[in-house]
Amino acid sequence: MSRREFTKAVYAQIVKRALHPKHGICCEGCGLVLGAKPYHVDHTIPDALQVDKSRKLTADDGKLLGVECCHKPKTVEDVGVIAKAKRVEGRYLGLKAPKQKIKSPGFAKAARAEKTATKIMPGYRALFAPADQPSEVGK
Ligand SMILES: [Zn+2]
């Protein structure tokens, strides 16, 4: 379903609510005095996560947030939360195919490890074997 937007009347209510009599418009997230700084009216609960969208949005559904101080960080967080909610819902409804197996053959670990060992190790035992014991080299 589409995203519900605030009506002009509700939007005005929210802006009025955020309007401090002395300092002007303040961020409802952190209380920063915004002055001429840009702000957005944010959906307190991201609209994508609302199940019941038949109800009209009211001033209580929105918050006036400064773009830099609160709205940008919240949007980033919301995008992650919305994506997760969609994945969970998809899995619940069985819409998503199960995870696919990795198709590449992978690495031949055992063979490679042996090869490396023989390259590095020749004569190793002979070098560190005690002098009175017979060396394995030349057997
Ligand atoms: Zn803020």
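The values are calculated or read from the model by the stated rules, or taken from the named source; none is laboratory data. Keep in mind it's a predicted model, so treat the numbers as computed, not measured. Every residue, glycine among them, receives a Cβ derived from its backbone with ideal geometry; neighbour counts consider all protein chains shown.
The table below gives the values:
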quantity	calculated
Count of the stretch 44-60 residues which are over 15 Å from residue 11 (Cα atoms) and among the hydrophobic types (A, V, I, L, M, F, W, C)	4
Selection within the stretch 49-68 - surrounded by fewer than 17 Cβ atoms within 10 Å (Cβ to Cβ), part of a helix (DSSP H, G or I) and of a type outside the set (D, E, K, R)	49, 67
Cβ pairs under 8 Å, 6+ apart, first in the stretch 3-32 and acidic (Asp, Glu) and part of a loop (DSSP other than H, G, I, E, B), second more than 15 Å from the ligand (Cβ to nearest atom) and modelled with pLDDT under 95	5/57
Filtered residue count, the stretch 55-107, keeping only those that are away from the ligand (no atom under 16 Å from the Cβ), closer than 30 Å to residue 29 by Cβ and not β-branched (Val, Ile, Thr)	13
Extreme residue, modelled with the lowest pLDDT, among residues of the stretch 1-19 that are over 18 Å from residue 67 (Cα atoms) and loosely packed, with under 12 Cβ neighbours inside 10 Å	1
Flag if residue 35 is outside any strand (DSSP E or B), touching a Gly at 6+ places or on another chain (Cβ under 8 Å), under 26 Å from residue 84 (Cβ atoms) and within 16 Å of the ligand (Cβ to nearest atom)	no
Residue in the stretch 20-27 that is within 19 Å of the chain's Cα centre (by Cα) and more than 16 Å from the ligand (Cβ to nearest atom) present	no
Leading residue by the ranking (nearest to residue 37 (Cα to Cα)) among those in the stretch 53-81 that are hydroxyl-bearing (Ser, Thr, Tyr) and free of Cβ contacts under 8 Å to residues at least 40 places away in the same chain	75
Unmet requirement for residue 91, which otherwise passes all of (1) in a helix (DSSP H, G or I); (2) exposed (fewer than 12 other Cβ atoms within 10 Å of the Cβ); (3) touching a helix residue (DSSP H, G or I) at 6+ places or on another chain (Cβ under 8 Å)	(3)
Given (1) away from the ligand (no atom under 16 Å from the Cβ); (2) closer than 18 Å to residue 72 by Cα; (3) touching a Leu at 6+ places or on another chain (Cβ under 8 Å), number of the condition residue 41 does not satisfy	(1)
